[in-house]
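As structure tokens, the structure follows; a few thoughts come after it.
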Amino acid sequence: VQLQASGGGLVQTGGSLRLSCAVSGIVFSVDVMEWYRQAPGKQREMVATITRSRATNYADSVKGRFTISRDNAKNTVYLEMNSLKPEDTAVYYCHIKIFITDVWGQGTLVTVSS
């Protein structure tokens with residue numbers, strides 16, 4: 001099973017980015033798909049989660065600015081990020097769990113300049 005994340009980059013404060021993460025190597029639809037992030041010198045934190053039925057949950061710091069969505073047929077999860085702030089600068093990781101095994105993507109760097 002592999003997770004391929006893309007879409008990171010450099011953006012100015014107030015800008016937008018859209019991250020994508022495609023899951024390959026499995027034939028069934030993943031239940032929960034998640035985005036985490038890790039800023040320099042900080043612990044990895046959950047950003048947003050979405051279930052197969054598209055129930056969502058967000059970290060308080062991104063509510064109202066970020067939107068998580070998914071395409072079940074493609075086993076792909078997206079993160080639309082708007083009104084970006086310098087404190088959103090981090091490596092963003094997608095994550096799923098296959099039975100009891102955690103599977104992480106390689107991470108994509110988002111840098112927000114002030």
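Computed from the coordinates by the stated procedures, all read-outs in this text should not be read as laboratory data. For clarity, every value in this text was computed on a predicted model and none was experimentally measured. Virtual Cβ from ideal backbone geometry, glycine too; neighbours counted across all protein chains shown.
Structure data summary
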read-out	value
Distant-in-sequence amide H partners of Thr89 (H built 1.01 Å from N, under 5 Å)	Val112
Estimated D of the range 74-114 in µm² per second, where Rh is the Kirkwood radius over Cα pairs and Stokes-Einstein applies at 4 °C, 1.567 mPa s	107
Rounded to the nearest 20 debye, dipole of the range 18-103 from Cβ charges on Lys, Arg, Asp, Glu	100
Descending principal axes extents, the range 1-56, alpha-carbon based, whole Å	38, 22, 19
Residue with peak Gaussian network fluctuation, the chain [Cα springs, cutoff 10 Å], from Ile100, Ile50, Ile68	Ile100
Charge-dipole axis of the range 67-114 as Lys and Arg at +1 and Asp and Glu at -1 on Cβ define it, positive-most pick from Ala90, Thr101, Leu79	Thr101
Listed residue (Val47, Cys21, Ser69) projecting farthest to the positive dipole end of the chain, Cβ model	Ser69
Restricting the range 1-58 to trypsin sites (Lys or Arg not before Pro) in coil, as DSSP defines it, with at most 10 other Cβ within 10 Å	Lys42, Arg54
Cross-link reach list, aspartates and glutamates versus Lys63, counting only Cα pairs under 20 Å and skipping chain neighbours closer than eight places	Glu34, Glu45, Glu80, Glu87, Asp88
